[in-house]
Amino acid sequence: MAAETMTSRGWIRRHPGRPGAPLLVCFPHAGGGASSYQGWAAALKPEAEVLVAQYPGREERFNEPLVDDMGVLADAIFEALPVSADRPLVLFGHSMGSAVAYEVARRIERACPGALAGLCVSGRPAPHAARRSLAHTLPDDELIAEVKALAGTSDDILDSDEFQQLFLPVIRNDYRLIETLRPAPPTVLLDAPVSAFCGTEDPHVVPAEMESWREVTRGAFDSTALSGGHFYLTDHLAEIVAAVARHLRPAAR
């Protein structure tokens, strides 16, 4: 894995940075693995050391049982992170990863005030404001059509028998996890600032819906819309990294 290392029983993929650099923790989208953040470590040097959550059932954890309960998933990732007010964390999650990042953020602030320097969320409204969907209950062909609409994976791959046998169960599991998460609006707010991002042509969220993240924090909030669809990040890595770095700099003090 070259410069990457796996830590805490495989839950975290670590991209070593300079000693004492702020920590950025990234959370993949539904069906995604830690490799979806390939390139972020290089883009953020020397601003941060990048940690990426690796959910079970994909990549080097392919043979491990999937997790379809948000509480179980967030608890395990939280316990695997180096949480300390001496070295604050910034969290970034895309799509399903936004909800996972938020749940981990809540646990960090509850356990260690001052250890969370910022939460960055992308491509999904706040959990209490998310659109209702039951895509995880669809037949295989209709679920594949849902995934195609996001334009994150080529149709040739999605149509292959190998993909449908090996990876469609992972996607269905992750959709079940996120679609059955229906919390009430939060009564305990985060102290950390929150930044929200989305693509202007995303079929699953419009920029106005990202304003719902304002309701989860008593700290500062900002929202940015960039051109593109659900996976707009591919074309806007530099802008996203620059925005995340603004949260990292206070954490470095």
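Can you find, within region 173-195, the residue that is farthest from residue 147 (Cα to Cα) among those that are surrounded by fewer than 18 Cβ atoms within 10 Å (Cβ to Cβ) and among the polar types (S, T, N, Q)?
From region 173-195, those surrounded by fewer than 18 Cβ atoms within 10 Å (Cβ to Cβ) are 180-189, 191; that's our starting set.
Keeping just the survivors that are among the polar types (S, T, N, Q) gives 180, 187.
Values: 180: 18, 187: 33 Å.
Per the stated criteria, the residue is 187.
Condition (residue is touching a residue at least 12 places away in the same chain (Cβ under 8 Å), in a strand (DSSP E or B), touching a Pro at 6+ places or on another chain (Cβ under 7 Å) and not hydroxyl-bearing (Ser, Thr, Tyr)) applied to region 73-92: is it met by at least one residue? Yes, some residue in region 73-92 is touching a residue at least 12 places away in the same chain (Cβ under 8 Å), in a strand (DSSP E or B), touching a Pro at 6+ places or on another chain (Cβ under 7 Å) and not hydroxyl-bearing (Ser, Thr, Tyr).
Checking the condition out of contact with any Cys (no Cβ under 8 Å at 6 or more places or on another chain) and among the hydroxyl-bearing types (Ser, Thr, Tyr), which residue from 84, 35 passes? Please lay out each step first, then the result.
Working: 84 fails: out of contact with any Cys (no Cβ under 8 Å at 6 or more places or on another chain).
Result: 35 is the single residue among 84, 35 that is out of contact with any Cys (no Cβ under 8 Å at 6 or more places or on another chain) and among the hydroxyl-bearing types (Ser, Thr, Tyr).
Please go through region 17-58 and give me each residue that is among the polar types (S, T, N, Q) and either closer than 14 Å to residue 90 by Cβ or in a loop (DSSP other than H, G, I, E, B) (or both), ordered by number. Answer for region 17-58, where residues must be among the polar types (S, T, N, Q) and either closer than 14 Å to residue 90 by Cβ or in a loop (DSSP other than H, G, I, E, B) (or both): 38, 54.
Is it fair to say residue 116 is crowded, with 23+ Cβ neighbours inside 10 Å, in contact with a helix residue (DSSP H, G or I) (Cβ under 9 Å, 6 or more places away or on another chain) and farther than 30 Å from residue 169 by Cβ? Talk me through it step by step, then tell me what you get.
Numbers: crowded, with 23+ Cβ neighbours inside 10 Å: yes; in contact with a helix residue (DSSP H, G or I) (Cβ under 9 Å, 6 or more places away or on another chain): yes; farther than 30 Å from residue 169 by Cβ: yes.
Here the answer is yes, as residue 116 does meet what is asked.
Being under 11 Å from residue 124 (Cα atoms), surrounded by fewer than 21 Cβ atoms within 10 Å (Cβ to Cβ) and of a type in the set (Asp, Glu) is the filter here, so list the residues in region 196-240 that pass it. Passing the criteria: 209, 211.
Within region 161-182, being modelled with pLDDT under 90 and either in contact with a Gly (Cβ under 8 Å, 6 or more places away or on another chain) or not in a loop (DSSP other than H, G, I, E, B) (or both) holds for 161, 162, 163, 164, 165, 166, 167. Out of 109, 146, one residue alone is surrounded by 15 or more Cβ atoms within 10 Å (Cβ to Cβ), at pLDDT below 95 and among the acidic types (Asp, Glu). It is 146.
The values are calculated or read from the model by the stated rules, or taken from the named source; none is laboratory data. Everything numeric here is computed off the predicted structure, so don't read it as measured data. Using ideal geometry, Cβ is built from the backbone for each residue, glycine included, and neighbour counts are taken over all protein chains shown.
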